[in-house]
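In what follows, a single structure is set out as structure tokens and then discussed.
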Amino acid sequence: MEKDLYMTISSKTKQLLVKQEGFDADFKMTVKGIQTTDLVAFANSENGGTILVGVGEVEDKNSMQKGRMIGCPVGDKERLFILSKAESCVPPVEVAIIIENYARKPIYRIEIPSGKEKPYCTAGGTYKIRGDGRTNTLLPGRLLTLYIEKQSETFFNRFREATKELGKDIMASDTMLQNALNELRRKVLQIESAIEGNQNSLGKIAAIDKKMDQLLSMQAKGE
């Protein structure tokens, strides 16, 4: 799990600062610059994104924009402001709040993962998605696609759970059937054993009858 305080700058922030805002990064000079539209835009995006607070923009020698740290206040008030913005989204957006460069000019790095409950919108019902360096309106076609993807995922998750339970029931039924077959085999063996026993008894009875007939015949001849 990533720590939430860096005395200097993390390697990820260094990588973001040397390039301009894009699909995965947005720069804000102050916490007040964060809007719920920024959060839902990253949450609706395929890979989420990062907001750096306390960072402005400056041109490099190639006239390309890149981030420049200017620092910002960090504390409970600012943290609660960020969390309240995230919680006011519909549904609430998950965020990770990290403080960096704390020993000099502290900044916030706010990580917004791609949401698991797309599509997200503001409390006012505005749907946004992150574009190349800007926040774009989520058009109806894309919005419908996100909704269908979400419902499909929900359906398949439920289907997997249902089939898992069905599999358990089938296994239980197989066990019951196997037990019934084993009991039937046991009874058949008992019957076979009884029949064999009866056959032996009948044989003995027949032998006794034969012996008695012989004795009676001898007795008759003696008379």
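Find the accessible area per residue for the range 11-81; the probe is 1.4 Å, ligands and nucleic acids are left out, and the unit is Å².
Details: 3750 Å² over 71 residues.
Accessible surface, normalised per residue, equals 53 Å².
Would you grab the residues whose amide H sits under 5 Å from the one on GLY131? Only those 5+ places off in sequence or on another chain, please, with H modelled 1.01 Å from N.
Residues meeting the amide H criterion: ASN136.
So which trypsin sites (Lys or Arg not before Pro) in the range 78-107 are both in a DSSP loop and have at most 15 other Cβ atoms within 10 Å of their Cβ?
Details: sites: ARG79, LYS85, ARG104; in loops: ARG104.
Filter output for the range 78-107: ARG104.
Would you please name the trypsin sites (Lys or Arg not before Pro) within the range 1-59 that are DSSP coil residues with at most 11 other C-beta atoms within 10 Å of their C-beta? Working shown, then result.
On the way: sites: LYS3, LYS12, LYS14, LYS19, LYS28, LYS32; in loops: LYS3, LYS19.
Here the sparse-neighbourhood loop sites are LYS3.
Please list SER88, SER10, SER63 in order of solvent-accessible area, largest first, computed with a 1.4 Å probe with all protein chains present. Kindly include the intermediate steps, with their values, before the conclusion.
Working: SER88 45, SER10 10, SER63 80 Å².
My answer, sorted largest first, is SER63, SER88, SER10.
Of LYS19/LYS118; LYS118/LYS164; LYS85/LYS118; LYS116/LYS164, which sit over 24 Å apart, Cα to Cα? Display every interim value, and only then the final one.
Numbers: LYS19/LYS118 28 Å; LYS118/LYS164 26 Å; LYS85/LYS118 17 Å; LYS116/LYS164 22 Å.
Checking Cα-Cα distances, LYS19/LYS118; LYS118/LYS164 exceed 24 Å.
Which GluC sites (Glu not before Pro) in the range 94-141 pass both tests, a DSSP loop state and at most 16 other beta-carbon atoms within 10 Å?
Values: sites: GLU94, GLU100, GLU111, GLU117; in loops: GLU94, GLU117.
Passing both the DSSP loop test and the Cβ count: GLU117.
Would you kindly derive the ³J(HN,Hα) couplings of the range 8-17 from the backbone phi angles with the Karplus curve 6.51 cos²θ - 1.76 cosθ + 1.60 (θ = phi - 60°), listing them in order in whole Hz, with x for Gly and Pro?
10, 10, 6, 5, 5, 5, 4, 5, 6, 5
Of all accessible surface on the range 1-70 at a 1.4 Å probe, what whole percent is carbon and sulfur? Working shown, then result.
Values: 1980 of 3880 Å².
On the range 1-70, the fraction of accessible area on carbon and sulfur atoms equals 51 percent.
Compute the signed sum of charges (Lys and Arg +1, Asp and Glu -1) over the other residues within less than 15 Å, Cβ to Cβ, of GLY133. Please list the in-between numbers first.
Values: positive: LYS19, LYS28, LYS66, LYS128, ARG130, ARG134; negative: GLU21, ASP24, ASP26, ASP38, GLU57, GLU59, ASP132.
So the environment of GLY133 carries a net charge of -1.
The values are calculated or read from the model by the stated rules, or taken from the named source; none is laboratory data. None of the values given here were measured: they were computed from a predicted structure. Methodologically, a virtual Cβ is constructed for each residue, glycine included, from the backbone with ideal geometry; neighbour enumeration extends over all protein chains shown. When the accessible area is computed, the model is the full protein with side chains, heavy atoms only, and any ligands, DNA or RNA have been set aside. Shrake-Rupley method; radii C 1.70, N 1.55, O 1.52, S 1.80 Å.
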